[in-house]
Ligand code: ADP
Ligand code: ADP
Ligand code: ZN
């Protein structure tokens, strides 16, 4: 097993802002699914093909917690308990992020929106062209999450059994030997996160389905097969 060290803060993103919200011309993609479905894994793989930057509210919140910002302080207790962070906090984060220069042609949302009010707010910020739902049965989720680790340098996502580094202790992408595990990736918190998903997030499937932009992808397969199907759905 790779050497695990305490988590490190993410490097700062560019802070260039455009004058106004890119409200009209953007076409964004939403990666949707339960915790551990493989949203982050797929986002990293399809980023080059789509040309859209990955926007993960989970990663943004963890960076805020690590930096000790007001947002981080508001979010931490919910994250530790496996509950959703309040909508107003999330929507403010997204409104800010969407103004960055790299978001001008749209983004690939990972883990957002997670409630109907978040989806309604998003509809006023950007056009969503595709919602890609990665479907994985509940009974597979715990083993996925409890085996997850990421590269502390580049963020590449691995799994102890299903997707280990090629060379033990060395990141495939950047060669770093600094790996971390999330504090909330434990069996107890996973059950709360799954309940939050079923109660608050899964109703969004019908909401997006009624708009004709919802694509279901079987996420209980090899990572490459899933990437191929996502790219076909995006064509
Ligand atoms: P999410 O972003 O949806 O929470 P991740 O992409 O972080 O999910 O994946 C959760 C864990 O499952 C990671 O350890 C990852 O390596 C692993 N994983 C991702 N896709 C698959 C797959 N198709 N089969 C098996 N394990 C996977
Ligand atoms: P996963 O996909 O494995 O559930 P994330 O990294 O997306 O993990 O989210 C981690 C935690 O951050 C969630 O359990 C929740 O507390 C919070 N969070 C992330 N995104 C949102 C969101 N869109 N709305 C509310 N809470 C969120
Ligand atoms: Zn790396």
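The values are calculated or read from the model by the stated rules, or taken from the named source; none is laboratory data. This one's a predicted model, so the numbers in the text were calculated from it and none came from an experiment. Positions of Cβ are generated from backbone atoms using ideal geometry, with glycine treated the same way; all protein chains shown enter the neighbour counts.
Any residue in the stretch 197-206 that is part of a loop (DSSP other than H, G, I, E, B) and at positive phi? If you could, list the steps in order and put the result at the bottom.
Narrowing the stretch 197-206 to residues part of a loop (DSSP other than H, G, I, E, B): 202.
Then drop every residue that is not at positive phi, which leaves none.
No, the stretch 197-206 has no match at all.
Among the numbered criteria (1) part of a strand (DSSP E or B); (2) modelled with pLDDT under 95, which single criterion is violated by residue 150?
(2)
Pull up the stretch 146-161, narrow it to residues that are surrounded by 15 or more Cβ atoms within 10 Å (Cβ to Cβ) and within 15 Å of residue 223 (Cα to Cα), then point me to the one that is farthest from ligand 1 (Cβ to nearest atom). Break it down stepwise before answering.
Here is the first cut: in the stretch 146-161, the ones surrounded by 15 or more Cβ atoms within 10 Å (Cβ to Cβ) are 146-159.
Filter again for within 15 Å of residue 223 (Cα to Cα), leaving 148, 156-159.
Details: 148: 3, 156: 9, 157: 5, 158: 5, 159: 3 Å.
Taking the candidates together, the pick is 156.
Any idea how many residues of the stretch 104-128 are part of a strand (DSSP E or B), modelled with pLDDT under 95 and crowded, with 20+ Cβ neighbours inside 10 Å?
Number of matching residues: 0.
When you scan the stretch 196-217, do you find a residue that is surrounded by 14 or more Cβ atoms within 10 Å (Cβ to Cβ) and either within 16 Å of ligand 3 (Cβ to nearest atom) or under 20 Å from residue 161 (Cβ atoms) (or both), even just one? Spell out the reasoning first.
Narrowing the stretch 196-217 to residues surrounded by 14 or more Cβ atoms within 10 Å (Cβ to Cβ): 196-197, 200-202, 204-205, 207-209, 213-217.
Checking which are either within 16 Å of ligand 3 (Cβ to nearest atom) or under 20 Å from residue 161 (Cβ atoms) (or both) leaves us with none.
Checking the stretch 196-217: not a single residue is surrounded by 14 or more Cβ atoms within 10 Å (Cβ to Cβ) and either within 16 Å of ligand 3 (Cβ to nearest atom) or under 20 Å from residue 161 (Cβ atoms) (or both).
Quick check on this structure: which one of 51, 72 is over 16 Å from the mean Cα position of the chain (by Cα) and modelled with pLDDT under 95?
51
Output the qualifying pairs, or none if there are none: Cβ atoms under 7 angstrom, residues six or more apart or on different chains, first residue in the stretch 160-174 and within 12 Å of ligand 3 (Cβ to nearest atom), second residue assigned to a strand (DSSP E or B).
165/158; 171/151; 173/151; 174/151
Looking at the structure I just gave you, is residue 229 surrounded by 15 or more Cβ atoms within 10 Å (Cβ to Cβ), part of a loop (DSSP other than H, G, I, E, B) and free of Cβ contacts under 8 Å to residues at least 60 places away in the same chain?
no
Considering only the stretch 26-57, state which residues are away from ligand 2 (no atom under 14 Å from the Cβ) and either without any contact (Cβ under 8 Å) to a residue 12 or more places away in the chain or not in a strand (DSSP E or B) (or both).
Once the filter is applied, which keeps residues that are away from ligand 2 (no atom under 14 Å from the Cβ) and either without any contact (Cβ under 8 Å) to a residue 12 or more places away in the chain or not in a strand (DSSP E or B) (or both), the stretch 26-57 yields 26, 45, 46, 47, 48, 49, 50, 51, 52, 53.
I need the full set of residues from the stretch 209-223 which are within 17 Å of residue 34 (Cα to Cα), in contact with a strand residue (DSSP E or B) (Cβ under 8 Å, 6 or more places away or on another chain) and in a loop (DSSP other than H, G, I, E, B), in order please.
Across the stretch 209-223, the qualifying residues are 219, 220.
Filtering the stretch 129-145 down to residues that are within 9 Å of ligand 1 (Cβ to nearest atom) and surrounded by fewer than 18 Cβ atoms within 10 Å (Cβ to Cβ), which residue is farthest from residue 31 (Cα to Cα)?
Pass one, the stretch 129-145, residues within 9 Å of ligand 1 (Cβ to nearest atom): 134, 136, 140-141, 143-145.
Next, from what is left, pick out any that are surrounded by fewer than 18 Cβ atoms within 10 Å (Cβ to Cβ): 140, 143.
Working: 140: 19, 143: 21 Å.
The residue in question is 143.
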